[in-house]
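A.B. asks: Okay, handing you the structure first.
The values are calculated or read from the model by the stated rules, or taken from the named source; none is laboratory data. It should be emphasised that the depicted structure is a prediction, and the values quoted were computed from it without experimental measurement. Reconstructed Cβ throughout: ideal geometry from the backbone, glycine too, with neighbour counts over all protein chains shown. In case anyone asks, the SASA skips ligands and DNA or RNA and just uses the protein heavy atoms, side chains included. Shrake-Rupley method; radii C 1.70, N 1.55, O 1.52, S 1.80 Å.
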Amino acid sequence: SGATLSGTVDISGYVYGVGTTVRGAVLYVDLMYSYGTFTLGQPQPDVCATLTNAAACPNIGFTMKFDTRRLDNGPHTLSVGVETTNGVMFIPGVGTPVLSVNINNP
């Protein structure tokens, strides 16, 4: 949070479900604009070593090439929405992690 971004940057992280499987993850900009989907299944053995009940381990990572030039310069928020195999959607909002960034492209 608080970073200034320009050009294309890599976004990565991890997500898992207890008692379910993550089927998809979407990057949301400003809590409403769906930017695109993440590539799931990236290995995260270091994170998995600290988790219990994460059946998808070690492949709970996600990644995306984020082209900031698709957005206006200025402040924006980034967050992740998740869909699980049991049909539950977790959409960014109150109580979910949101990163504040500043876009600054020439």
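A.B. asks: Just order 47-58, 18-29 by mean Cβ neighbour count inside 10 Å, highest at the front, would you?
C.D. replies: So the order, starting with the most tightly packed, is 18-29, 47-58.
A.B. asks: Normalising by the residue count of the chain, find the relative contact order in percent from Cα pairs under 8 Å and 6+ residues apart.
C.D. replies: Relative contact order comes out at 39 percent.
A.B. asks: Determine the share of the chain's accessible area contributed by carbon and sulfur atoms, expressed in whole percent, with a 1.4 angstrom probe.
C.D. replies: That share works out to 54 percent.
A.B. asks: Pick out, from Tyr14, Asn104, His76, the residue whose Cα sits farthest towards the positive end of the charge dipole of the chain, with +1 on the Cβ of Lys and Arg and -1 on the Cβ of Asp and Glu.
C.D. replies: Tyr14
A.B. asks: Still on this model: Residue-wise, which Karplus ³J(HN,Hα) couplings in Hz belong to the stretch 58-69, taking 6.51 cos²θ - 1.76 cosθ + 1.60, θ = phi - 60°, and x for glycine or proline?
C.D. replies: x, 8, 9, x, 9, 8, 7, 8, 10, 8, 5, 5
A.B. asks: For a quick check: with amide H placed at 1.01 Å from N, whose amide H comes under 5 Å from Gln42's, ignoring anything fewer than 5 positions away on the same chain?
C.D. replies: Gly61, Phe62
A.B. asks: Quick one: what are the phi-derived ³J(HN,Hα) couplings along the stretch 42-52, Karplus 6.51/-1.76/1.60 with θ = phi - 60°, whole Hz, x for glycine and proline?
C.D. replies: The phi angles translate into 7, x, 9, x, 5, 5, 4, 5, 9, 10, 10 Hz.
A.B. asks: For the stretch 1-80, what is the charge dipole size about the Cα centre, in debye to the nearest 20, if Lys and Arg each add +1 at the Cβ and Asp and Glu each add -1 at the Cβ? Write out the running numbers ahead of the final one.
C.D. replies: Numbers: 4 positive and 5 negative charges, 31 e Å.
It works out to roughly 140 debye.
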